[in-house]
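Here, each number is a calculation from the coordinates, and none is a lab measurement. Just so you know, these numbers come straight off a predicted model, no measurement behind them. All Cβ positions, glycine included, derive from the backbone under ideal geometry; neighbour counts span all protein chains shown.
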């Protein structure tokens, strides 16, 4: 087995680099581009989330060129329609040998460029490297195409994904890129860093304690940049001109009601807005034609409906319409002709030409109506408003007065996207700068402290390290609740055993503690752990069921030499569990729907293990302290009377980022276990002391206590609780001493 330090180092490692130190790099790159490309080559598999106009095309060509020359293999660049030819021209411009090909027979260079739609014409196994240009376009394809791209290049050693908008308002899109790059599957990413609250089960959010670790993980395989200064470089030549938004609202007849309505009102739902767009095509097209025909400048007119684009073509002289039904060759020619200035007005849809094309020659944009997709809007605007644009860009939004909230919806999504993008940059720029310079070093923080009181000691730190410092065979009894794989619920520390990606990783981590607990326990003495079996979920585990956590823990202790001594089942109310967890199997409606998926509630267990050997420090009880009736109650295999709310005060220990309230072990359970399996003067241990519940009971029952806790806010609360226990015990002893003194005095007088 590895040492504990080696295990922690492996646990905290980011995605492993698979590339090489570049010895050839294109001289046309700006300094920030050069550093990004060098980093991506060292990485081997990387993502470039660089805003429009920052030179992703040149960077991906430089990366492909370096990979091809080093490996001697071919590299394939997948790009949206018409972007392929544009990429080939960029290669000629910057001295990178590449060629566009429609099928494998057309390959003539080491670097081949083709369209996503033509992937099936190539054998992916024949390429040493692959580049996804405008990689976020993958979600515009059907699931079959998207999965084909990911699966086709699963074994490709060198991969690069490039896009300006990996997730303009949705973190989950980052999971698609991670999966393509073999870093982590989307479902693994969700399970590790995200949570969805019971009220909004479809909306995932970053766990509070996962934020730092998530961004560190992102920076291990991606670069995010909106402008060069984000990474400490000069913005010279990369300043955007003014963007001017014009809202053109077309008034609709006031007496026309929406379908199914008696009176006119704004469209609220997606279906209502779509119906209203179809009903107002003529008015909106008329307004667009009025604006466009008033100038002789270049325009790109974005539509969502075929009826919109068709009427626009008829209303705007000299315009060219590009439709989805056109052949690939016809689409490509029209888009390139517009880029070269041969066409004055181009009419098309964002899903056809909204990705990757450079149209800085045009600074006039019109939307004949808006969909609710912010990314489609963002990408369409960015074809013209991008680095390299010399003039202010005018964007005209033409909507009907009854379309309701569509513009506000886009504006809201834009605000959310800007917040998220700024958060990405804020959280990653310092880490990324160090990654690019290959200067990043991983450090593992472990704050250590100690507080002592009468008959107790609380240690702040890693339980494996701290228990290893305890004297061999000095512990009379150990009781605790072990954590389980519930990532970033209470902290972001890799030393936190809860922060394990899988159950197997948790068991490897926990094994280091089990062996130390065996060493410090007196022969013949006991250890009790409180646990429950763990429900599995479809999103995290792929199946709804239960993991035998209790059984696996028992086996771990047995493998370390412990004897399986005893266990008691602790009843829990299934109604309370259903209300708290909304578990499918406990819902009454599931019983009515299909009871094959209904299940019983999950109880708690107190499992007790014994260290082999003779107990030379016996634990004896007299009938006055331990009546037969009490023993019969404690000996029951099921404790039905444990009060779940009788715990120590814990709210002040909870931090803002904690995903759950800390769940202290019930005092009833600790007291019974302490009475049964320890005696006054014993040294009691809790390696997961939390807020000090086990110590609180130990001190009040005349035991000595040593506890370890990793989280400082819990440690602080534990110290406070232990001080309170000491104070109460001292008062009780003082009272007894006082009564004893008075009794002796009375007896003396009587005598």
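Counting every other Cβ atom within 10 Å of each residue's Cβ, 382, 592, 205 order from fewest to most as 592, 205, 382. When you restrict to C-alpha pairs under 8 Å that are six or more residues apart and normalise by the size of the stretch 243-404, the relative contact order lands at 36 percent.
Relative contact order of the chain: what whole-number percent is it, with Cα pairs under 8 angstrom and at least 6 residues apart? Spell out each step's value before the answer.
Details: 1324 pairs, mean separation 84.2, N = 751.
Taking the mean separation of contacting Cα pairs over the length of the chain, I get 11 percent.
For 100, 634, 507, the sequence from fewest to most other C-beta atoms within 10 Å is 634, 507, 100. Each DSSP beta bridge with both residues in the stretch 31-231 is either parallel or antiparallel, and the antiparallel ones are about 5%. For the pair the stretch 566-588 / the stretch 368-421, the C-alpha centres are spaced 48 Å from each other.
Using only helices, what value at 222 nm comes out for the chain when you add -39,500 (n - 2.57) per DSSP H run of length 4 or more and divide by the total residues, to the nearest 500 deg cm²/dmol? Kindly include the intermediate steps, with their values, before the conclusion.
Values: 25 runs with 290 residues, N = 751.
The helix contribution divided over the chain gives -12000 deg cm²/dmol.
Take the Cβ atoms of residue 296 and residue 414, set R0 to 35 Å, and the FRET efficiency comes out at 0.70. Of the peptides 422-435, 227-240, the ranking by mean beta-carbon count within 10 Å, highest at the top, reads 422-435, 227-240.
In terms of other Cβ atoms within 10 Å, 18, 348 run from fewest to most in the order 18, 348. Against the chain, whose longest principal axis comes from its Cα atoms, helix 83-93 is set at around 80 degrees. A protection proxy built from the mean count of other Cβ atoms within 10 Å ranks the segments 295-303, 624-632, 215-223, 689-697, most packed first, as 689-697, 215-223, 295-303, 624-632. With both residues required to sit in the chain, DSSP beta bridges show an antiparallel share near 25%.
Against the set (1) 49; (2) 55; (3) 42, the structure's computed percent of Cα pairs over 37 Å apart falls on (2). For the stretch 1-159, the relative contact order works out to 22 percent when only alpha carbon pairs closer than 8 Å and six or more residues apart are counted.
Calculate how large, on average over all directions, the projected area of the Cα convex hull of the stretch 243-404 is; give the answer in nm² to one decimal. Present the calculation step by step, with values, prior to reporting the outcome.
Values: hull surface 37.7 nm².
With every direction weighted equally, the projected area is 9.4 nm².
Taken over the stretch 31-231, the percentage of Cα pairs per 10 Å bin, counting from 0 up to the bin with the maximum distance, is 8, 36, 36, 15, 4, 0. Highest-first packing order for the peptide set 181-188, 639-646 is 181-188, 639-646, based on the mean count of other beta carbon atoms within 10 Å.
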